[in-house]
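To keep things clear, I will list the structure first and then write my remarks on it.
The values are calculated or read from the model by the stated rules, or taken from the named source; none is laboratory data. Here the structure is a predicted model, which is why all the values come from computation and not from measurement. Here Cβ is always computed from backbone atoms with ideal geometry, including for glycine, and neighbour counts include all displayed protein chains. Accessible surface is based on the protein model in full, side chains and every heavy atom, while ligands, DNA and RNA are left aside. Shrake-Rupley method; radii C 1.70, N 1.55, O 1.52, S 1.80 Å.
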Amino acid sequence: MTSDKPKGELSIRVLAMPADTNPAGDIFGGWLLSQMDVAGNILAKRIASGRTVTIAIDSMSFLEPVSVGDTLCCYTHVERIGKTSITIMVEAWATPQYTEESIKVTEGIFTYVAIDENRKPRVIKT
């Protein structure tokens, strides 16, 4: 079930381009997933005050397709902050070109771990 408005803060906005499609002209789910991962990481590294890495995508639901020319907006909000990890819900909303109405196209739960300069988990100071 989709809500009328995105939950969380706008983390990224990007235009779906022809290079992001398969031979049939559909936007790759992997492209969409990578945009969501980038959006979640922007919030995670701000909360962790440093480098974070993706360790899990706990769930992902594709609700609607994204088309070439759509503007994709990813919204993020924190679900949980642990000792070294941050779990973030990412919602992706698409606005078809020449319109102003956005629709939720997918959502997912991403988990990031704060790491130090040796790529080892570090405590998040909140």
Taking 0.36 nm per residue of separation and subtracting the Cα-Cα distance, what length does fully extending Ser49 through Arg119 add? 23.7 nm
How much accessible area per residue does the chain have, in Å², with a 1.4 Å probe? 58 Å²
Say a site is exposed when it is one of the trypsin sites (Lys or Arg not before Pro), sits in a DSSP loop, and has at most 16 other Cβ atoms within 10 Å; what is then the longest site-free stretch of the chain? 8-50
Output the Cα-based Rg and Dmax of the range 40-88 in Å, rounding Rg to one decimal and Dmax to a whole number. 13.3, 41
Degrees separating the helix 29-48 axis from the principal Cα axis of the chain, which is the longest one: 40 degrees
Under a point-charge model restricted to the Cβ atoms of Lys and Arg (+1) and Asp and Glu (-1), what is the dipole moment magnitude of the chain relative to its Cα centre, in debye to the nearest 20? 880 debye
Give me the Å³ per residue figure for the convex hull around the C-alpha atoms of the range 4-103. 106 Å³
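Kindly count the pairs of lysines across the chain whose alpha carbons are less than 24 Å apart, treating pairs on different chains or eight or more residues apart as eligible.
On the way: Lys5/Lys104; Lys7/Lys45; Lys7/Lys104; Lys45/Lys83; Lys45/Lys120; Lys45/Lys125; Lys83/Lys120; Lys83/Lys125.
Going through the chain pair by pair, I get 8.
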